[in-house]
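Structure first, then comments.
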Amino acid sequence: MEEDSNKRRPFVLRAALFLLSSLLSIALLGLVAMWVLLRPDSVLPEHWNPTRPLSITAPVTPVTRWQLRVASRDEAVCRDVLAQAGIGFSKMEPLVSGEHCGISQRGSLSSLIDAQVSPIETRCSTALRLAMWEHHDIQPAARQHLGSDVSQLLHIGSYNCRKMRTSRGTENAWSSHATARAFDITGVRLSDGRRLTLLKNWEGAGAEAAFMRQIWRGSCKWFRLVLGPDYNRLHADHFHLQTSGWGFCR
Ligand SMILES: [Zn+2]
């Protein structure tokens with residue numbers, strides 16, 4: 001019995017030493033990571049640094065989604081991110097309208113990065129996702145397929161205190177429009193004067209349809225629920241872009 005416990009002691013000691021050195025290594029790695037992430041003159045670019053705010057025009061990295069989530073939740077960060085990018089979003093007092101309707105993070109959106117928007121009340125987080133979509137998908141797709149920039153996004157509104165509409169009628173659930181967590185886009189105007197709409201340009205094999213399909217796919221990266229002409233007849237003339245949802249895109 002005595003021999004057994006003598007043999008066990010070095011093992012216990014070795015295990016304890018191993019555990020201690022592992023903990024020290026993890027702590028050291030943590031300190032190095034904090035130093036890299038948090039120091040003001042960090043060598044890590046901002047768009048790779050999850051502790052820094054989102055920049056709309058910075059290249060998209062795996063960190064972008066995290067930065068976007070932080071900005072969507074925090075109104076002050078969201079407003080700052082839009083302002084840094086020169087986006088026209090003037091602050092308004094929150095709107096409360098009954099139990100189910102209203103707009104928090106409220107503002108009037110009038111311009112994105114390069115495209116204008118006819119002034120519309122919406123949430124900051126909705127405007128933010130629109131701006132990401134415009135800069136990273138709409139403008140590149142327009143240059144690629146149509147040889148022109150988009151000068152204006154055409155829409156039919158964001159806030160609307162109403163229940164959900166489906167092809168079977170009105171549902172009991174409240175629409176995401178009732179809190180301005182949605183935006184309906186009907187088309188674009190190009191810098192060369194052309195006006196493209198979903199109703200006119202969704203179908204077909206031409207460059208216009210290719211552009212429409214590409215920006216529809218692109219919108220699914222920035223919004224959590226997207227419904228377009230392929231979903232049902234209610235959406236024949238617009239993309240319904242929603243900031244809440246579970247990744248449905250059709
Ligand atoms: Zn809608």
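The values are calculated or read from the model by the stated rules, or taken from the named source; none is laboratory data. Predicted model only: the values in this text are computed from it and were never measured. Ideal geometry is used to build each Cβ from the backbone, glycine not excepted, and the neighbour counts take in all protein chains shown.
What to note about this one:
- Take the conditions (1) free of Cβ contacts under 8 Å to residues at least 40 places away in the same chain; (2) outside any helix (DSSP H, G or I); (3) within 15 Å of the ligand (Cβ to nearest atom); Trp216 misses just one of them, which is (2).
- When restricted to residues that are touching a helix residue (DSSP H, G or I) at 6+ places or on another chain (Cβ under 9 Å) and more than 13 Å from the ligand (Cβ to nearest atom), the stretch 234-247 contains 1.
- The sole residue among Trp202, Trp222 that is of a type in the set (A, V, I, L, M, F, W, C) and farther than 22 Å from Ile120 by Cα is Trp202.
- The residue that is farthest from His238 (Cα to Cα), among those in the stretch 165-196 that are assigned to a strand (DSSP E or B) and in contact with a His (Cβ under 9 Å, 6 or more places away or on another chain), is Trp174.
- Only one of Thr179, Thr186 that is under 20 Å from the mean Cα position of the chain (by Cα), among the β-branched types (Val, Ile, Thr) and surrounded by fewer than 18 Cβ atoms within 10 Å (Cβ to Cβ): Thr186
- Residue in the stretch 225-233 that is more than 19 Å from Thr122 (Cβ to Cβ), in a helix (DSSP H, G or I), within 11 Å of the ligand (Cβ to nearest atom) and modelled with pLDDT under 95 present: no
- Matching residues, the stretch 197-213, being in a helix (DSSP H, G or I) and either surrounded by 19 or more Cβ atoms within 10 Å (Cβ to Cβ) or more than 16 Å from the ligand (Cβ to nearest atom) (or both): Leu198, Lys200, Asn201, Ala207, Glu208, Ala209, Ala210, Phe211, Met212, Arg213
- Across the stretch 165-176, the qualifying residues are those that are closer than 26 Å to Val96 by Cα and touching a residue at least 12 places away in the same chain (Cβ under 8 Å), and the one among them that is surrounded by the most Cβ atoms within 10 Å (Cβ to Cβ) is Ser176.
- Filter pass, Ser90 being more than 21 Å from Leu37 (Cα to Cα) and out of contact with any strand residue (DSSP E or B) (no Cβ under 8 Å at 6 or more places or on another chain): no
- Selection of the stretch 115-159 for residues being touching a residue at least 60 places away in the same chain (Cβ under 8 Å), within 23 Å of Leu54 (Cβ to Cβ) and part of a loop (DSSP other than H, G, I, E, B) yields only Ala115.
- The criterion of at least 1 residues that are outside the structural domain of Leu153 (by TED's automatic domain parsing) is met by the following helices (runs of 4 or more DSSP H) wholly inside the stretch 1-114: 2-38.
- Filter pass, Ala115 being under 17 Å from the mean Cα position of the chain (by Cα) and within 21 Å of Ile56 (Cα to Cα): no
- The stretch 157-177, subset small (Gly, Ala, Ser) and within 11 Å of the ligand (Cβ to nearest atom), residue farthest from Val117 (Cα to Cα): Ser175
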